[in-house]
Amino acid sequence: MQVAGWHVEIEFDEDESRTRAAALLRLRDGTELRARTSSTRDARDPNEPRVGEEIAGARALRDLAEQLELKGRAEARNLSKH
């Protein structure tokens, strides 16, 4: 059995109404996938930065997951041609 690991970083930038997330996924083959997303706080919602981070972070992770799936599918197609 081979043990593998990936490194994911997510950074947040916030102001009164918006949280932006920048995510980076580093794969074992040296590939880096990046995502930038945001969430906007409704004026009626409490000012709780953690919630904006969770939403923006989830969106960034979802974007990375979609990119990773596309990469994997493309590599599988390329490998099956050989």
**Asked** Which of the residues belonging to the stretch 29-44 are of a type in the set (D, E, K, R), surrounded by 10 or more Cβ atoms within 10 Å (Cβ to Cβ) and in a strand (DSSP E or B)?
**Response** 34, 36
**Enumeration of residues in the stretch 1-28 that are among the charged types (D, E, K, R) and either touching a Pro at 6+ places or on another chain (Cβ under 9 Å) or not in a strand (DSSP E or B) (or both)** = 14, 15, 16, 28
**Asked** Looking only at the stretch 53-69, which residues are touching a Leu at 6+ places or on another chain (Cβ under 8 Å) and either over 15 Å from residue 31 (Cβ atoms) or open to solvent by 40 Å² or more (accessible area, probe 1.4 Å) (or both)?
**Response** 67, 68
**Message:** Taking the criterion of being of a type in the set (Ser, Thr, Tyr), open to solvent by less than 70 Å² (accessible area, probe 1.4 Å) and under 21 Å from residue 69 (Cβ atoms), would at least one residue in the stretch 17-28 satisfy it?
**Reply:** no
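The values are calculated or read from the model by the stated rules, or taken from the named source; none is laboratory data. If you're wondering where the values come from, they're calculated on a predicted model, not measured in any experiment. Reconstructed Cβ throughout: ideal geometry from the backbone, glycine too, with neighbour counts over all protein chains shown. We work out accessible area using only protein heavy atoms, side chains counted, and drop any ligands, DNA or RNA first. Shrake-Rupley method; radii C 1.70, N 1.55, O 1.52, S 1.80 Å.
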